Amino acid sequence: MLSAREDAGSFTGDAESHLCVLSASVVQLLFSRRGIRNAAPASRVVSTLMISLSKISKQYGRQLVFVDASFQLNPGERAGLVGPNGSGKTTLFRMIVGEESADDGDVSVPKKITIGYFRQDIEEMSGRSVLDEAIAGSGRLGDLHHELEALQNAMSDHDRLDEMDKILDRFGHVQEDYSHLGGYELEARAREVLHGLGFEDDRIDGDVGALSGGWKMRVAMGKVLLGRPDVLLMDEPTNHLDIESIIWLEDFLKRYEGSLLMTSHDREFMNRVVTKIVEIDEGDLVTYSGNYEFYERERAIRETNREAAYARQQSMLAKEQRFIDRFAAHAAKAAQVQSRVKALDKIEKLEPPKKRKTMKFDFRRPSRSGDDVVTLKDVSKAYGKRSIYEDFDFLIRRGERWCVMGKNGAGKSTLLKMVSGAVEPDGGNVRLGASLKMGYFSQQAFDVLDPNLTVWEQIQKDFPLESIGTLRSLLGAFQFSGDEVEKKIRSLSGGERSRLVLARMLLDPPNFLVLDEPTNHLDLATKEMLVEALHDFEGTMLFVSHDRMFLRGLSNRVLELPEERGAAPRVFGGSYVEYVSDSGHEAPGVHT
């Protein structure tokens, strides 16, 4: 539980619900009787207030995170926060909500705003339905919702008849507040948000404690969105979402009238949502007015200009130094030499521009497989009474790159598991072609790693005959450099483990890649490297991904699994780009 403070920039909040409530009086202004799509979270009272960081500095031991850094988030702005891993993005979020303080400078957060903070670490959830959990974390209105339920139970409790006048009086006051704030539409709004995040009705009404970690992350996000705060802080919101939910969230955030500051490794998502980029660059905060593509272009221009300015100054300094060296011993030129020496001393020397290095690795060519890579004939698969495939026929030929599209539960991962041999079909058969070497990546692929080894020990164990230079280049391409190769595997994040598994797989590449969400948790630089590397891959691919850069860059075939039971899958003989153009949607059933 987070503590309450009274000074500017403080907040009260519930870490479990991820909603930081800064003023109950303002919360009461947040909820109207309109639906989610027309929500107007920011009241006129706070519409002119902004979050401001002025000349902040922050240091952990010897690591300087921020040095005299400044930026402001204005009302209604949607800003993307970018920077390398470890640059201080999460630290900045935590300073805004008051969980950390700056060593120097000012962090100004107006008292009369609410902040919703979605983060990657979640508290335990149990003992409630998914719906109740989402409502419970939605701030003041959620509290009233559950108090009304408790009062209704109390009114039917015969053991509390002597308290009935007090209970009825309290019920009247709570009901009035609840109705005034639009509480009787709260459940409908909660269901709309949860549906948008991929929940079916049976899950919404089911036990939240039975959900996996990824689905609990969606519940945590639902709490924050349902609260409709003035400011949303979102740390990698797309990590646990499928493409359908990502598209829904895009639409929600574009319509959202409050302010937004978010990090994301999804380029397409950033481009469509944000209108401003704040970059953490070696301790400074640099603002770019535009989306991510604009930021990349503008940053390249600024780097080019810095390089040109540095080169001009170096040329001028060299010319002046040659004059000084040439005439230092000439008495007739002594005055000019001294004048130029003094002038050089006064010049502010430009620092040499630092370029970000993205290491590349030349992946080897896989061996050639037979023409028919995988044949599925009359395949059936069901889980209990739920039929996923019925008499399904499917052929994958050499050189094809199939992306599998479909809503949650349509059978995407099941198909990949049957092809890889991880799951057997109930009926029919799956036949692999000749000369096939398969590489299967899924979240379960982490089992191939030894948690007791370091990154470097693991890669040396897997490839004992490879040169040190080759292995270091491989790890560098997947963002393991310097001391990072000495990390124990047990201490790696999910994204780091994904990178290591992919690195192992692609050093000695198979001729058939089966990839289930390979870009989960990968940063933009690693994604771009992976797409570039696989673009020239000469083998065959079958993959599921929610990353549209990955889909656009690699697919040449699309398999769309139907939402309706018994309907035939759609086989599209073109790329994802052509599929979107032909179908009019980016994902099955989601129109844009």
Qualifying residues in segment 429-463 (those that are part of a loop (DSSP other than H, G, I, E, B) and touching an Asp or Glu at 6+ places or on another chain (Cβ under 6 Å)) - the one nearest to residue 511 (Cα to Cα): 433
Single residue of 272, 255, 267, 302 found to be farther than 21 Å from residue 523 by Cα and assigned by TED's automatic domain parsing to the domain that holds residue 120: 255
2 or more residues over 23 Å from the mean Cα position of the chain (by Cα): qualifying helices (runs of 4 or more DSSP H) within segment 169-242: 186-196, 201-204
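Residue 245: in a helix (DSSP H, G or I), of a type in the set (Ser, Thr, Tyr) and at pLDDT 90 or above, yes or no? Even if it seems obvious, please write down each step before you answer.
Details: in a helix (DSSP H, G or I): yes; of a type in the set (Ser, Thr, Tyr): yes; at pLDDT 90 or above: yes.
In short, yes.
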Sole exception among (1) more than 25 Å from the chain's Cα centre (by Cα); (2) at positive phi; (3) buried (at least 17 other Cβ atoms within 10 Å of the Cβ) for residue 517, by number: (1)
Set 296, 348: member being acidic (Asp, Glu) and not in a loop (DSSP other than H, G, I, E, B): 296
Restricting segment 362-381 to residues that are surrounded by fewer than 15 Cβ atoms within 10 Å (Cβ to Cβ) and of a type in the set (S, T, N, Q), the residue that is farthest from residue 505 (Cα to Cα): 380
Failed item, numbered, when residue 145 is tested on (1) modelled with pLDDT of 85 or more; (2) surrounded by 14 or more Cβ atoms within 10 Å (Cβ to Cβ): (1)
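For (1) in a helix (DSSP H, G or I); (2) in contact with a Ser or Thr (Cβ under 9 Å, 6 or more places away or on another chain); (3) of a type in the set (Gly, Ala, Ser), each residue gets a yes or a no:
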| residue | (1), (2), (3) |
| --- | --- |
| 249 | yes, yes, no |
| 254 | yes, no, no |
| 262 | no, no, no |
| 280 | no, yes, no |
| 286 | no, no, no |
| 303 | yes, no, no |
| 310 | yes, no, no |
| 319 | yes, no, no |
| 325 | yes, no, no |
Any hit, segment 387-408, residues being assigned to a helix (DSSP H, G or I) and aliphatic (A, V, I, L, M): no
Pair list, Cβ under 8 Å, 6 or more apart: segment 212-234 residue closer than 10 Å to residue 193 by Cβ, other residue basic (Lys, Arg) and not in a loop (DSSP other than H, G, I, E, B): 226/189
Criterion violated by residue 480 - all others in (1) under 20 Å from residue 416 (Cα atoms); (2) at pLDDT below 90; (3) aromatic (Phe, Trp, Tyr) satisfied: (1)
Check on residue 105, within 28 Å of residue 190 (Cα to Cα) and either in contact with a Ser or Thr (Cβ under 6 Å, 6 or more places away or on another chain) or crowded, with 16+ Cβ neighbours inside 10 Å (or both): no
Meets criteria (assigned by TED's automatic domain parsing to the domain that holds residue 479 and at positive phi) for residue 427: no
Residues satisfying the stated conditions in segment 306-335, i.e. loosely packed, with under 13 Cβ neighbours inside 10 Å and within 56 Å of the chain's Cα centre (by Cα): 308, 309, 312, 315, 316, 318, 319, 322
Among the candidates 96, 122, 115, residue that is in contact with a Pro (Cβ under 6 Å, 6 or more places away or on another chain), surrounded by 13 or more Cβ atoms within 10 Å (Cβ to Cβ), in the same structural domain as residue 235 (by TED's automatic domain parsing) and of a type in the set (A, V, I, L, M): 115
Pairs, first in contact (Cβ under 8 Å) with a residue 12 or more places away in the chain in segment 324-351, second charged (D, E, K, R) and in a helix (DSSP H, G or I), C-beta under 8 Å, six or more apart: 324/340; 340/320; 343/320; 344/320; 350/306
Candidate set from segment 268-278 (those that are assigned to a helix (DSSP H, G or I) and not basic (Lys, Arg)); member that is nearest to residue 83 (Cα to Cα): 270
The listed residue being part of a loop (DSSP other than H, G, I, E, B) and either at pLDDT below 90 or under 25 Å from residue 530 (Cα atoms) (or both), out of 365, 340: 365
Index of the failed condition, residue 171 passing every other in (1) aromatic (Phe, Trp, Tyr); (2) touching a strand residue (DSSP E or B) at 6+ places or on another chain (Cβ under 8 Å); (3) farther than 28 Å from residue 97 by Cβ: (2)
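The values are calculated or read from the model by the stated rules, or taken from the named source; none is laboratory data. The shown structure was predicted, so the numbers you read here are calculated from the model rather than taken from an experiment. Backbone-built Cβ (ideal geometry, glycine too); neighbour counts: all protein chains shown.
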